1. For segment 26-42, give me the residue count where each residue is in a loop (DSSP other than H, G, I, E, B), in contact with a strand residue (DSSP E or B) (Cβ under 6 Å, 6 or more places away or on another chain), of a type outside the set (D, E, K, R) and more than 10 Å from ligand 1 (Cβ to nearest atom).
2. For segment 26-39, name all the residues that are under 12 Å from the mean Cα position of the chain (by Cα) and surrounded by 15 or more Cβ atoms within 10 Å (Cβ to Cβ).
3. With the condition kept exactly as written, say whether any residue in segment 86-93 is in contact with a helix residue (DSSP H, G or I) (Cβ under 7 Å, 6 or more places away or on another chain), modelled with pLDDT of 90 or more and within 16 Å of ligand 1 (Cβ to nearest atom).
4. Considering only residues that are at pLDDT below 90 and surrounded by 14 or more Cβ atoms within 10 Å (Cβ to Cβ), which ones fall in segment 137-156?
5. Out of all the residues in segment 43-101, which are over 20 Å from the mean Cα position of the chain (by Cα), free of Cβ contacts under 8 Å to residues at least 40 places away in the same chain, part of a loop (DSSP other than H, G, I, E, B) and crowded, with 17+ Cβ neighbours inside 10 Å?
6. Out of the residues in segment 115-133 meeting the condition of being of a type in the set (Val, Ile, Thr) and over 24 Å from residue 167 (Cα atoms), tell me which one is nearest to the chain's Cα centre (by Cα).
7. Regarding segment 4-22, can at least one residue be identified that is modelled with pLDDT of 95 or more, more than 16 Å from ligand 2 (Cβ to nearest atom), more than 29 Å from residue 136 (Cα to Cα) and surrounded by 12 or more Cβ atoms within 10 Å (Cβ to Cβ)?
Amino acid sequence: MTYQDSGYTDETYINYSLEVPITVIENGRPVITATDKMLKKGQKFNPKLDLNALDKENGDLTSSVQILENDVDCEQEGSYHVTYSVTDSDSNTMTKTIMVTVTSNEAPEITGEAITSVNPNSTFDVMSSIKATEKEDGDMTSSITVGSNDVNTGTSGVYTITYKVVDSDGNEGVFLRKKFSN
Ligand SMILES: [Ca+2]
Ligand SMILES: [Ca+2]
């Protein structure tokens, strides 16, 4: 005889059915493993990444997992959900929902005086009026690098100064300043 098991162990059947041998078929439900995700705005999202589905009888069912819902918008900050579903050969269906959080990913902005006129031989502070702010990193003024600074105060002319700053996400902010030396 063959019975579908519903939670009893093999021992239970053996103890109570010594005269009639019974074969017990296990009927485990599949288990989906997937974790919540954090993304930066603009990053790609692969809902199958780190996804795993295992069933006691069927083994690896990862390739059979269906995505029931996926409202993730990588270009908008917010909280989203992905719901997975898998069914084993005994028609046991298991679902799992994860949360996907998309966080901001702004580039730093450098502000300051775009055109500066100075008198010949006067002292020019290359960082005067220059500031950098960043949504995630805050004040980044001290991280600004001056990329090109061919300012020669003693000689009349127009000079271009390049300012650059890179935030913790690798996003770059650039600012150009022209200096007129009269
Ligand atoms: Ca199963
Ligand atoms: Ca940033």
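1. Count: 1.
2. Pass one, segment 26-39, residues under 12 Å from the mean Cα position of the chain (by Cα): 36-39.
Hits for segment 26-39 are 37, 39.
3. Among the residues of segment 86-93, at least one is in contact with a helix residue (DSSP H, G or I) (Cβ under 7 Å, 6 or more places away or on another chain), modelled with pLDDT of 90 or more and within 16 Å of ligand 1 (Cβ to nearest atom), which makes the answer yes.
4. Scanning segment 137-156 gives 149, 151, 153.
5. Hits for segment 43-101 are 58, 61, 65.
6. The extreme case among them is 115.
7. The answer is no, given that none of the residues of segment 4-22 is modelled with pLDDT of 95 or more, more than 16 Å from ligand 2 (Cβ to nearest atom), more than 29 Å from residue 136 (Cα to Cα) and surrounded by 12 or more Cβ atoms within 10 Å (Cβ to Cβ).
The values are calculated or read from the model by the stated rules, or taken from the named source; none is laboratory data. For clarity, every value in this text was computed on a predicted model and none was experimentally measured. We place every Cβ from the backbone using ideal geometry, glycine too, and count neighbours over all the protein chains shown.
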